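Okay, structure first, notes after.
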Amino acid sequence: MKLEGIRIGFCVTGSFCTFHKVLPEMQKIVDEGAQVYPIFSYTVANTDTRFTTAAQFRKAVEDITGHAIIDTIVDAEPIGPQHLLDVVVIAPCTGNTLAKLANGITDTPVLMAAKAHLRNQKPVIIAISTNDGLGNNGRNLAVLMNTKNIYIVPYYQDGPLVKVNSLMADMTKITDTIVLALEKKQIHPILLNIP
């Protein structure tokens, strides 16, 4: 198994329309032998949408991982000083979270987990899902792509004719990105041509 014994903090932020793509990948990571510790942004922990309720999604994630959700900054803070994880994944990573991470803002459990983990010089993996990745958030993505210990899941324009600035990670590449990031390598190609 590719990830046997690896401890992964799997952070989820509020791109609710991509949750159905993320859950199977979370299951694959568990099936590859990893211990997965789920971490929710405040929005994910508390928001009911047309895609799912907060309670339903919480149950689905806890059933897959076998671990309770980390959903407060206080509970995420020990990740760094106690060296609790080997990898942190943010999938999906919204433009809001992307911008805050690029600018050192720590105001959600997900951002605290990433900050706490980066202090240990360990990999943080970003699977972007934002409508403004080629707009205002383009500069934040570029900053993070050039930041030590940040690794990017390959991505594509998910609606180039109707949502010209929108970017979406190929969630099926999360596991391969993790494997290479553990070797301090960025998966390539980063830019995909998926219609």
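The values are calculated or read from the model by the stated rules, or taken from the named source; none is laboratory data. Worth saying up front: this structure is predicted, and the values here are computed from it rather than measured. Here the Cβ positions follow ideal geometry from the backbone for every residue, glycine too, while neighbour counts run over all protein chains shown.
Could you list all residues from the range 72-101 that are among the β-branched types (V, I, T) and surrounded by 20 or more Cβ atoms within 10 Å (Cβ to Cβ)?
Those that are among the β-branched types (V, I, T) and surrounded by 20 or more Cβ atoms within 10 Å (Cβ to Cβ): I79, V87, V88, V89, I90, T94, T97.
Just checking, how many residues over the range 13-25 are at pLDDT 95 or above and out of contact with any Ser or Thr (no Cβ under 7 Å at 6 or more places or on another chain)?
Summing the residues that are at pLDDT 95 or above and out of contact with any Ser or Thr (no Cβ under 7 Å at 6 or more places or on another chain) in the range 13-25 gives 5.
Which one is nearest to the chain's Cα centre (by Cα), of the residues in the range 61-101 that are of a type in the set (A, V, I, L, M) and more than 15 Å from T13 (Cα to Cα)?
Here the answer is V87.
Quick check on the range 152-162. Is at least one of its residues surrounded by fewer than 18 Cβ atoms within 10 Å (Cβ to Cβ) and either within 25 Å of R7 (Cβ to Cβ) or of a type in the set (K, R) (or both)?
No, the range 152-162 has no match at all.
Determine whether A142 is part of a helix (DSSP H, G or I), small (G, A, S), under 15 Å from F40 (Cα atoms) and modelled with pLDDT of 95 or more.
no
Specify which of the listed residues (E62, E77) is under 19 Å from P123 (Cα atoms) and among the acidic types (D, E). Walk me through how you get there before you give the answer.
Details: E62 fails: under 19 Å from P123 (Cα atoms).
Among E62, E77, only E77 is under 19 Å from P123 (Cα atoms) and among the acidic types (D, E).
Quick check: is even one residue across the range 121-138 surrounded by 20 or more Cβ atoms within 10 Å (Cβ to Cβ), more than 13 Å from C93 (Cα to Cα), under 17 Å from the mean Cα position of the chain (by Cα) and touching a residue at least 60 places away in the same chain (Cβ under 8 Å)?
For the range 121-138, residues surrounded by 20 or more Cβ atoms within 10 Å (Cβ to Cβ), more than 13 Å from C93 (Cα to Cα), under 17 Å from the mean Cα position of the chain (by Cα) and touching a residue at least 60 places away in the same chain (Cβ under 8 Å): present.
Does the range 169-188 include one or more residues that are loosely packed, with under 14 Cβ neighbours inside 10 Å, in contact (Cβ under 8 Å) with a residue 60 or more places away in the chain and over 15 Å from the mean Cα position of the chain (by Cα)?
Yes: one or more hits.
Within the range 1-118, which strands (runs of 3 or more DSSP E) (wholly inside it) include 2 or more residues that are free of Cβ contacts under 8 Å to residues at least 40 places away in the same chain and either touching an Asp or Glu at 6+ places or on another chain (Cβ under 8 Å) or hydrophobic (A, V, I, L, M, F, W, C) (or both)?
35-40
Of everything in the range 52-71, what is among the hydrophobic types (A, V, I, L, M, F, W, C) and surrounded by 14 or more Cβ atoms within 10 Å (Cβ to Cβ)? Give them in sequence order.
A54, F57, A60, V61, I64, I69, I70 - these are the residues of the range 52-71 that are among the hydrophobic types (A, V, I, L, M, F, W, C) and surrounded by 14 or more Cβ atoms within 10 Å (Cβ to Cβ).
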